[in-house]
1. Which pairs turn up if I take residues in the stretch 55-73 that are farther than 19 Å from ARG749 by Cβ and at pLDDT 95 or above and look for partners that are surrounded by 21 or more Cβ atoms within 10 Å (Cβ to Cβ) and small (Gly, Ala, Ser) with beta carbon separation below 8 Å, at least 6 apart in sequence or on another chain?
2. Would you confirm whether or not the stretch 383-402 contains a residue that is touching a His at 6+ places or on another chain (Cβ under 9 Å) and either of a type outside the set (A, V, I, L, M, F, W, C) or under 19 Å from ILE518 (Cβ atoms) (or both)?
3. Applying the selection to the stretch 527-563, what residues are among the aromatic types (Phe, Trp, Tyr) and under 25 Å from ALA16 (Cα atoms)?
4. Before we move on, is LEU481 within 19 Å of LEU19 (Cα to Cα), assigned by TED's automatic domain parsing to the domain that holds PHE525 and in contact (Cβ under 8 Å) with a residue 12 or more places away in the chain?
5. Suppose we keep only residues that are part of a helix (DSSP H, G or I) and among the polar types (S, T, N, Q) within the stretch 182-225. Which one would you say is farthest from ASN282 (Cα to Cα)?
6. Filter the stretch 195-209 down to the residues that are surrounded by 24 or more Cβ atoms within 10 Å (Cβ to Cβ) and among the aliphatic types (A, V, I, L, M) and list them by number.
7. Can you report the number of residues in the stretch 499-513 which are assigned to a helix (DSSP H, G or I) and among the β-branched types (Val, Ile, Thr)?
8. Only one of (1) closer than 14 Å to ILE576 by Cα; (2) within 30 Å of the chain's Cα centre (by Cα) is not met by TYR693, so which one is it?
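The values are calculated or read from the model by the stated rules, or taken from the named source; none is laboratory data. No experiment lies behind these values; they were computed from the predicted model shown. Positions of Cβ are generated from backbone atoms using ideal geometry, with glycine treated the same way; all protein chains shown enter the neighbour counts.
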Amino acid sequence: MYSDSMKINAALPIYAIILSILLFFLQHISLLPPQAKSIDSPPEVFSAERAYETLKHLLQENKPHPVGSDLNKVIKDRLIDELKKLDIQYEVQKTWACASRYAGCAEVENLIGIIPGKTNAPYLALMAHYDSVPMAPGAGDDGAGVVAILEAARVLKLEGPYNHPIMLLLTDAEENGLIGAEAFFNQHSLAKEVGVVLNIEGSGTAGGSMVFRTSDKNELLIKSLSHEHDHAYGFSLANEIFKRMPNDTDFSVAMRANIPGMDFAFVGERNHYHTPNDNVENLDIRTIQHHGENILSASRDLLLKDWNNFGDKYVYLGGTYGFWSQWKSSNSLIALLLSTLVLITAFIRSKIKLQRLTVGFILSPVTLATTIFSGFLGFYLLSIFSGNVISWPGIDWPYRLLLIGSTSIGLLVGCAISRKFLQELEVIYGTWFFWTLLTLIVTLFLPDAANLFILPLVFGSLILLISNYVKNQYRLTFLLLTLVVALPSTLGLIFSLEQSQGYKLVLAVLPFAGLYAILISPFLFSINMKTTFSIAGGATLVALIAGSMLNLYTEKRPQHVNIHFYENLDSKESFIHLSGNYKNVAASDPEPLIEPLASYVDVADTKAIASYAPEYQFRYWADSTSSEWIGPSIEVKEKIKNLNSIAVRLKSNRDASRLILLLPEASKLQSFNIGSQEIKVSPSSRGAYKGYYLIYLNGIYDKEVDLMLNFENYTQEIDGYLLDVSTELPEHLDELYQARSGIFSPVHRGDQAILIKTIKI
């Protein structure tokens with residue numbers, strides 16, 4: 001049973017709170033990227049400063065360079081010069097290719113550099129893409145990856161030859177659906193000679209370079225990364241997250257080709273992602289250093305190994321106070337079983353009644369639920385007061401204060417309920433048995449995330465067992481060590497998740513706050529509830545008021561607002577539309593518009609702007625005047641009736657970057673030929689293009705594009721639509737364009753002028 005000295009410890013909440021704060025900052029500091037090596041570093045050392053100078057040269061115009069653009073070709077030529085400086089043999093793969101997920105095509109120019117090894121194959125491929133989205137200079141995505149590979153290649157070539165040859169694969173048109181990677185792995189003869197791929201990506205302008213995805217059999221890969229690498233960072237949970245996100249990287253194409261490898265990326269300052277702020281000036285040079293150390297650590301080890309057996313599937317967790325852990329995924333159940341036995345032993349020795357343990361077990365999810373619900377309610381109230389929850393505001397503090405304040409209220413509610421029925425130690429044991437159940441569920445259904453639960457369980461159960469030999473008056477203080485082992489898997493993930501997911505997806509963060517809440521709640525039993533509720537409530541109220549009334553954007557972190565101009569060339573109607581979402585023809589509301597932009601549109605009404613999608617209703621629109629531009633054209637070159645095929649030539653007559661061909665489902669288009677490729681098609685099932693066969697032609701500009709359209713049965717003329725899309729806006733929108741400066745910024749595909757015309761073929 002309990003002594004009075006163990007039950008009453010007024011200082012324990014203070015210890016728990018201070019310890020949590022210190023642990024959080026320690027964990028955060030441990031995840032910072034390493035310091036950049038100077039330009040004067042020895043030749044065998046990766047120097048981020050050297051790589052950064054290369055990046056400044058490559059991106060000296062500080063402008064976007066999407067596939068097919070003049071600047072894209074300039075940067076390709078500069079990359080060739082860099083390969084020549086390194087005395088690396090190269091070739092340019094120029095070909096038409098198409099994305100596998102949808103019929104998005106482009107004429108790409110991949111760069112393939114070769115560093116010979118002691119054998120001719122298989123290759124270690126170091127992969128990054130050199131194109132950008134139409135709105136971003138692409139320093140983080142993916143200039144940092146490109147120059148990290150070049151600097152790493154310099155070091156590896158100096159150290160070589162290694163057992164395996166090295167391939168530098170710098171792809172084009174990644175931003176248009178991984179088209180460059182599709183071109184290489186589906187068309188190039190060397191693709192079959194690639195044995196391992198290390199893909200280097202970026203999704204922001206700062207942060208540690210983490211391995212967030214690997215091929216399934218990854219034992220050899222993970223061990224190569226962690227071998228003598230002081231700054232290895234990543235957690236296999238990210239793989240579970242990425243599976244459920246719409247994002248993608250070139251590494252997916254390699255995986256579909258059954259080539260093993262690892263995918264690296266950073267996510268700090270993600271509000272800069274795919275915006276003009278993704279520039280050289282905003283890029284944290286330390287991130288390049290981390291990229292380079294990842295590449296060199298993994299490459300040096302892999303290049304000496306036999307690749308006949310990549311071993312078993314491993315889970316990994318890097319950055320736990322600076323330490324790296326890994327084990328075979330199939331061992332997770334064994335670790336769970338052993339930890340459970342230790343926990344049961346600790347419980348038996350504690351002499352806590354089973355009935356009391358059961359109550360503690362039941363109350364644990366109550367605290368978890370109150371914390372999550374309170375946090376959700378806080379952000380829901382903010383969405384009502386402000387109009388919406390903003391993804392990445394320029395000023396973080398109201399949101400972070402709201403997160404802390406609202407979840408603390410839920411924690412205190414759960415704590416108040418628990419202490420009415422149980423004592424601290426009973427709740428602690430009930431919580432860890434509940435944690436055991438969660439670990440079992442995660443291990444069975446989300447195995448890549450199992451280590452986040454197993455590691456705390458292993459150490460937590462041992463701490464509980466040892467605590468039975470600690471004097472009663474010190475036992476609860478000793479059990480604060482459970483917070484040490486649990487924080488990296490709970491609160492320690494929040495900053496990374498916040499950076500990668502934003503506040504619009506706050507539900508991704510709240511469960512981890514709730515998990516920590518159930519672990520710390522027993523140590524808060526002696527806290528003054530009235531005072532603490534007042535503090536947490538006051539903080540929440542301040543955050544709600546600030547988040548609702550302050551202008552949360554800055555020039556460094558602007559609000560994302562795209563200007564879309566639509567012109568129906570048949571009806572001679574034109575419209576402007578403002579959108580803050582990543583949708584070209586968005587019907588859903590953007591993030592709340594801030595004056596003066598709202599004055600340019602009518603937000604009180606909705607209208608079908610796109611003639612091919614009358615059911616799609618737009619908000620934030622206004623009538624406009626004609627651009628006076630010549631629309632796109634389609635010329636029927638040949639009809640091959642015995643093959644049910646039609647040869648057509650498409651052209652933008654204003655050098656627009658993209659053409660979109662829409663053919664109705666009733667046309668029964670089977671496939672189309674472009675270049676040497678035949679692409680199977682199926683009608684779109686959602687969005688504005690629902691019910692149409694959709695063919696994207698990217699990077700067109702002044703090109704004429706020949707297609708062969710293959711139908712199931714071509715018997716009569718087919719009606720369709722041809723869209724001509726550019727990032728250049730008509731001159732009469734200059735005033736709106738100028739107003740959208742400062743605290744506003746385009747994002748992703750950005751501003752678009754879309755000319756729409758009906759066609760017959």
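1. Here the result reads LEU55/ALA139; LEU55/GLY143; LEU55/ALA144; LEU58/GLY143; LEU59/GLY138; LEU59/ALA139; LEU59/GLY143, each pair linking the stretch 55-73 to a residue that is surrounded by 21 or more Cβ atoms within 10 Å (Cβ to Cβ) and small (Gly, Ala, Ser).
2. Residues of the stretch 383-402 that are touching a His at 6+ places or on another chain (Cβ under 9 Å), as a first pass: 391-392.
This time we only want the ones that are either of a type outside the set (A, V, I, L, M, F, W, C) or under 19 Å from ILE518 (Cβ atoms) (or both), so: 391.
Within the stretch 383-402 (the criterion being touching a His at 6+ places or on another chain (Cβ under 9 Å) and either of a type outside the set (A, V, I, L, M, F, W, C) or under 19 Å from ILE518 (Cβ atoms) (or both)), the answer is yes, since at least one residue qualifies.
3. The one that is among the aromatic types (Phe, Trp, Tyr) and under 25 Å from ALA16 (Cα atoms): PHE533.
4. Numbers: within 19 Å of LEU19 (Cα to Cα): yes; assigned by TED's automatic domain parsing to the domain that holds PHE525: yes; in contact (Cβ under 8 Å) with a residue 12 or more places away in the chain: yes.
So LEU481 passes the test.
5. So the residue we want is SER189.
6. Selection gives VAL196, VAL197, LEU198, ILE200.
7. 1
8. (1)
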